[in-house]
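Novice: The structure under discussion is supplied below as structure tokens; questions concerning it will follow.
The values are calculated or read from the model by the stated rules, or taken from the named source; none is laboratory data. Everything numeric here is computed off the predicted structure, so don't read it as measured data. Glycine also receives a Cβ, built like all others from the backbone with ideal geometry; neighbour counts cover every protein chain displayed.
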Amino acid sequence: MKHAFRAFTLIELLIVVAIIAILAAIAVPNFLEAQVRSKVARVKNDLRAQATAIEAYAVDWNTLPRDSDSDLDREPAMSSYEFSWKANGAVQLTTPIAYMSSLLEDPFSRGRQQTASFGAAVGYRIGSGTWSYGSTPGSPQSEAPADSQGAFAAMQAHGKVMAYVVLSPGPTGKRQRMGYKCFPWKSPDPSEQGAYVDYDPTNGTVSAGDIYRFGGQWLSGNWDRIAPGNGPMGTQSN
């Protein structure tokens with residue numbers, strides 16, 4: 001006895017394809033958002049770990065490590081600068097004493113070109129209240145020739161403060177705060193005086209804003225922060 005085999009019709013196949021497409025349209029954005037949320041959680045943990053290393057460094061040396069910047073410090077204009085004159089505080093936390101076993105890598109900076117207008121850095125960025133270009137003994141007593149942000153002038157005007165900020169540019173990969181090297185003061189450079197803008201997922205999973213962690217006497221100074229009740233004049237929330 002012969003059996004007749006019935007194949008799917010074109011309409012039935014199109015319906016199946018449409019259902020798969022609808023499910024993918026729902027699932028893929030949720031998957032991507034979950035990835036971003038996971039990276040945000042990792043960054044917060046990393047910033048906490050780097051802050052712990054900074055605190056341990058401060059206990060040993062009674063000062064904070066240097067600022068930590070992008071590879072702008074490797075530009076030809078900085079070629080005459082010695083290691084201790086540069087904004088490489090994250091590296092300083094790993095050698096000669098390992099307050100961190102290795103540099104932490106920001107998942108929102110990985111693979112990005114390191115430039116002034118974006119957030120990629122060697123380790124997470126640090127704004128140190130006890131160091132600026134020109135403050136290391138023997139270094140040129142002036143602003144650095146690359147991306148100084150007016151840090152030398154701020155240090156000359158206000159002196160040292162045991163306060164620091166560590167930051168990530170967040171999911172957009174573009175740093176919002178420009179004058180962080182002057183922390184906890186505003187930069188004297190008018191183009192570097194924008195407020196600290198916090199990443200807020202309620203504005204969109206991938207939205208503008210940096211992820212910060214503050215420490216020491218971080219409520220001192222005159223820096224501004226766009227976050228309800230936060231900053232030097234607000235509540236002590238970090």
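Novice: If a residue must be without any contact (Cβ under 8 Å) to a residue 60 or more places away in the chain and not in a loop (DSSP other than H, G, I, E, B), how many such residues does the range 211-226 contain?
Specialist: Total meeting the criteria: 3.
Novice: Among the residues of the range 89-103, write down those that are among the β-branched types (Val, Ile, Thr) and touching a residue at least 24 places away in the same chain (Cβ under 8 Å). Working first, answer last.
Specialist: Residues of the range 89-103 that are among the β-branched types (Val, Ile, Thr), as a first pass: 91, 94-95, 97.
Within the range 89-103, Val91, Ile97 meet the criteria.
Novice: Checking Glu143 against (1) in contact with a Leu (Cβ under 8 Å, 6 or more places away or on another chain); (2) part of a loop (DSSP other than H, G, I, E, B), only one condition comes out false. Which one?
Specialist: So Glu143 meets the others, but not (1).
Novice: Among Ile11, Ile54, Ile19, which is the only one that is touching a residue at least 24 places away in the same chain (Cβ under 8 Å), more than 17 Å from Glu105 (Cβ to Cβ) and aliphatic (A, V, I, L, M)? If you could, list the steps in order and put the result at the bottom.
Specialist: Values: Ile11 fails: touching a residue at least 24 places away in the same chain (Cβ under 8 Å); Ile19 fails: touching a residue at least 24 places away in the same chain (Cβ under 8 Å).
Exactly one of Ile11, Ile54, Ile19 is touching a residue at least 24 places away in the same chain (Cβ under 8 Å), more than 17 Å from Glu105 (Cβ to Cβ) and aliphatic (A, V, I, L, M), namely Ile54.
Novice: Scan the range 152-169 residue by residue and report those that are part of a loop (DSSP other than H, G, I, E, B) and surrounded by fewer than 21 Cβ atoms within 10 Å (Cβ to Cβ). Can you show your working first?
Specialist: Filtering the range 152-169 for residues part of a loop (DSSP other than H, G, I, E, B) gives 159-162, 169.
If the condition is that a residue be part of a loop (DSSP other than H, G, I, E, B) and surrounded by fewer than 21 Cβ atoms within 10 Å (Cβ to Cβ), then Gly159, Lys160, Val161, Met162 are the ones that fit.
Novice: Kindly indicate the residue of the range 183-217 that is hydrophobic (A, V, I, L, M, F, W, C) and modelled with pLDDT of 90 or more and also nearest to Gly127 (Cα to Cα) among those meeting that condition. Break it down into steps so the answer makes sense when it comes.
Specialist: Kept after step one, since they are hydrophobic (A, V, I, L, M, F, W, C), are these residues of the range 183-217: 183, 185, 195, 197, 206, 208, 211, 214.
Add one more test, that the residue is modelled with pLDDT of 90 or more, and what stays is 183, 185, 211, 214.
On the way: Phe183: 6, Trp185: 10, Ile211: 13, Phe214: 9 Å.
Checking each candidate, the answer is Phe183.
Novice: Continuing with the same structure: When you go through (1) aliphatic (A, V, I, L, M); (2) over 30 Å from Pro140 (Cβ atoms); (3) surrounded by 14 or more Cβ atoms within 10 Å (Cβ to Cβ) one by one for Ala41, which number turns out not to apply?
Specialist: Exception for Ala41: condition (3).
Novice: Here's a follow-up. List, please: which pairs have Cβ atoms under 7 Å, are six or more places apart or on different chains, and start with a residue in the range 126-151 that is surrounded by 24 or more Cβ atoms within 10 Å (Cβ to Cβ) and end with one that is among the β-branched types (Val, Ile, Thr)?
Specialist: Matching pairs, first to second residue: Ile126/Val166; Gly127/Val165; Gly129/Val161.
Novice: Hey, can you tell me all the residues within the range 131-147 that are touching a Phe, Trp or Tyr at 6+ places or on another chain (Cβ under 8 Å) and not small (Gly, Ala, Ser)?
Specialist: Tyr133, Thr136, Pro140, Gln141, Glu143
Novice: Looking at (1) of a type in the set (A, V, I, L, M, F, W, C); (2) loosely packed, with under 10 Cβ neighbours inside 10 Å; (3) at pLDDT below 85, which is the only condition Val59 fails?
Specialist: Every listed condition holds for Val59 apart from (3).
Novice: Kindly indicate whether Asp67 is touching a residue at least 12 places away in the same chain (Cβ under 8 Å) and surrounded by 11 or more Cβ atoms within 10 Å (Cβ to Cβ). Quick ask: steps written out before the conclusion?
Specialist: Numbers: touching a residue at least 12 places away in the same chain (Cβ under 8 Å): yes; surrounded by 11 or more Cβ atoms within 10 Å (Cβ to Cβ): yes.
Taking the combined requirement at face value, the residue satisfies it.
Novice: Also, quick follow-up: Identify all residues within the range 184-199 that are more than 14 Å from Leu167 (Cα to Cα) and in a loop (DSSP other than H, G, I, E, B); write none if there are none. Spell out the reasoning first.
Specialist: Taking the range 184-199 and keeping what is more than 14 Å from Leu167 (Cα to Cα), we get 185-194.
Within the range 184-199, Trp185, Lys186, Ser187, Pro188, Asp189, Gln193, Gly194 meet the criteria.
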